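Undergrad: Questions regarding the structure given below will be posed in turn.
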Amino acid sequence: MQSPIEISLPQVIVLGTGGTIAGVATLHPAQAGYRAGVLDIADLVAAAPGIEQLAALRAEQIASIDSKDMDAAIWMQLASRIREGLQQDGVAGCVVTHGSDTLEETAYFLHCVLPAGKPVVLTAAMRPATALSADGPRNLYDAVQVAASPQAHGLGVVCVLHGRIHSACDVSKSQPTAVDAFSSGERGPLGFVGPQGVQITRQLPLLALGQSPRAPWLPPRASWPRVELVHSHAGADGAVVRALMLAPQSDDPSQKLAGLVVLGTGSGTVHERLQAALDEAEAGGVRVAYASRVGAVSGGDFDGLNAVKIRIRLMLELAAAAA
Ligand code: ASP
C-alpha cells in the first residue's frame, strides 16, 4: 500500500488592524451600535470556512482601530512586521485586514517601503462581521489565496476586494457604502480571484514597483514631515495656506509645515488667489505638489496617483531628503 503524499501548505502571515471587517453592528440593516475593529483577527480567520486548506496561517493583531484613525506609528509597525515575516524562508506571503476608509493609503505606503517580492495583500469589508451576507470572510479567503499564490509574486502591494486584485498604486475607495466600493479607474484591476483561483491579467510598469530609479526604502522614523492637503474651489483665496504658514511652530521638526498637496480642479488647475498663496509658501521653503480633486493625475512625477498617495510620496521624499 502506498503511503499518503504529504503536501505542506504555504505559510501566510495574517495581520489584523481593525476596520469594518472586524466590526460589529447590534441591529440590522440599520447600523445602530456599529463599531469598527472589535473582533480579533483569530475570529475573522475562524469565520472563513475552508481558509485553513489554503495555507498555514499565523494570525497576529497589530491594532484594533477604525481606519479613519490610521497613523504613521501603525504604518511603521506594519512595515517592520511584514518585512521581518517575509524574510523567513517558509513564509509565502502576508495579508493585512484593514478598514476600507484609508486602505489605499496604508497599501500605498507599504508599497513604497517594502520590496516588491513576496505578495503583500490588504483586504477589507464594507459590511460588519455580524451583518447578514458579511463580505469579510470571502474577501479574507480571497486575500489568502492571493498571498499564497506564486502568480502574485513581484506585483508590489495589492488590495483584494470583491473578487478583484488591485495595485496599491491605482486603487481607491470610490463608493461610500456599496459592497463593490473599490476601483482602479481606467487602468483596471491587475487580475481576479475566486473559485477559479488567481488570474493576473495586467502587470504594473517596472517604475511603479520601485525597482528603478527609487529603491524600496524603509525610513527609520515614527514621525513624518508634515504634509497637508488643500483644495482649490470656487472662491479659494489661499487663507488656509497662509494660516498653515503662520501656525505656531513647535520644536518638533515633524510639526513644521514641510509640504502641501493641492487638490486642483479638473486636470489640476488652481484658483489664482490660492495659487498666489501657494507661490508664497513655496518661496518660504514649503514643497508644493499638484493633484486633482477629480482623481489620479496623468503624467509628471506623480503619474497615476491620487492626492492622498501623492501626500505619502511627498512625505517619503521629504524624509529621505532630510535624512
Ligand atoms: N470606518 C471603517 C474603517 O475604515 C470603514 C470600513 O472598514 O469599511 O475602519
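Undergrad: Looking at PRO150, is it within 16 Å of the ligand (Cβ to nearest atom) and farther than 28 Å from PHE302 by Cβ?
TA: no
Undergrad: Of all residues in the stretch 60-77, how many are assigned to a strand (DSSP E or B) and open to solvent by less than 50 Å² (accessible area, probe 1.4 Å)?
TA: Of the residues in the stretch 60-77, 3 are assigned to a strand (DSSP E or B) and open to solvent by less than 50 Å² (accessible area, probe 1.4 Å).
Undergrad: Return yes or no: is LEU44 modelled with pLDDT of 95 or more, buried (at least 18 other Cβ atoms within 10 Å of the Cβ), within 16 Å of the ligand (Cβ to nearest atom) and not in a loop (DSSP other than H, G, I, E, B)? Don't jump to the end; show me each part of the working.
TA: Numbers: modelled with pLDDT of 95 or more: yes; buried (at least 18 other Cβ atoms within 10 Å of the Cβ): yes; within 16 Å of the ligand (Cβ to nearest atom): yes; not in a loop (DSSP other than H, G, I, E, B): yes.
The answer is yes for LEU44.
Residue-by-condition table, conditions (1) free of Cβ contacts under 8 Å to residues at least 40 places away in the same chain; (2) within 21 Å of PRO115 (Cβ to Cβ):
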| residue | (1), (2) |
| --- | --- |
| ALA59 | no, no |
| TRP75 | yes, yes |
| GLN87 | yes, yes |
| GLY90 | no, yes |
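Undergrad: Between a first residue in the stretch 285-298 that is closer than 14 Å to GLY185 by Cα and a second residue that is crowded, with 20+ Cβ neighbours inside 10 Å and of a type in the set (Val, Ile, Thr), which pairs have beta carbons less than 9 Å apart while being 6 or more apart in sequence or on different chains?
TA: Within 9 Å, the pairs are VAL297/ILE310.
Undergrad: How many residues are assigned to a loop (DSSP other than H, G, I, E, B) and closer than 21 Å to LEU316 by Cα when one looks only at the stretch 256-305?
TA: To start, the set of residues in the stretch 256-305 that are assigned to a loop (DSSP other than H, G, I, E, B) comprises 256, 266-268, 270-271, 284-286, 293-294, 296-305.
From what's left, closer than 21 Å to LEU316 by Cα: 256, 284-286, 296-305.
Residues meeting the conditions: 14.
Undergrad: So, one more: Considering only the stretch 85-101, how many residues are closer than 22 Å to ASP180 by Cβ and either more than 16 Å from the ligand (Cβ to nearest atom) or open to solvent by less than 20 Å² (accessible area, probe 1.4 Å) (or both)?
TA: Total meeting the criteria: 6.
Undergrad: Could you please give the count of residues in the stretch 153-167 that are in contact with a strand residue (DSSP E or B) (Cβ under 8 Å, 6 or more places away or on another chain) and either within 16 Å of the ligand (Cβ to nearest atom) or open to solvent by 50 Å² or more (accessible area, probe 1.4 Å) (or both)?
TA: Here the count works out to 6.
Undergrad: With respect to VAL171, determine if the residue is without any contact (Cβ under 8 Å) to a residue 40 or more places away in the chain and buried (at least 24 other Cβ atoms within 10 Å of the Cβ).
TA: Taking the combined requirement at face value, the residue does not satisfy it.
Undergrad: Right, here's the next one. Suppose we filter SER80, SER67 for residues that are polar (S, T, N, Q) and more than 16 Å from the ligand (Cβ to nearest atom); which single one remains?
TA: SER80
Undergrad: Right, here's the next one. Out of the residues in the stretch 119-130 that are touching a helix residue (DSSP H, G or I) at 6+ places or on another chain (Cβ under 9 Å) and open to solvent by 10 Å² or more (accessible area, probe 1.4 Å), state the one that is farthest from the ligand (Cβ to nearest atom).
TA: Going through the qualifying residues, I end up with ALA129.
Undergrad: Condition first: part of a strand (DSSP E or B), modelled with pLDDT of 95 or more and open to solvent by 20 Å² or more (accessible area, probe 1.4 Å). Now tell me which residues in the stretch 5-35 satisfy that.
TA: Selection gives GLN11 alone.
Undergrad: Looking only at the stretch 102-118, count how many residues are away from the ligand (no atom under 16 Å from the Cβ) and among the β-branched types (Val, Ile, Thr).
TA: Summing the residues that are away from the ligand (no atom under 16 Å from the Cβ) and among the β-branched types (Val, Ile, Thr) in the stretch 102-118 gives 1.
Undergrad: Suppose we filter the stretch 193-226 for residues that are surrounded by 17 or more Cβ atoms within 10 Å (Cβ to Cβ) and modelled with pLDDT of 95 or more; how many remain?
TA: Of the residues in that region, 3 qualify.
The values are calculated or read from the model by the stated rules, or taken from the named source; none is laboratory data. Note that the structure is a prediction, hence the values are computed from the model and not measured. For neighbour counting, all protein chains shown are included, and Cβ atoms are generated from backbone atoms with ideal geometry for every residue, glycine included. Ligands, DNA and RNA are excluded from the accessible area calculation, which covers all protein heavy atoms including side chains. Shrake-Rupley method; radii C 1.70, N 1.55, O 1.52, S 1.80 Å.
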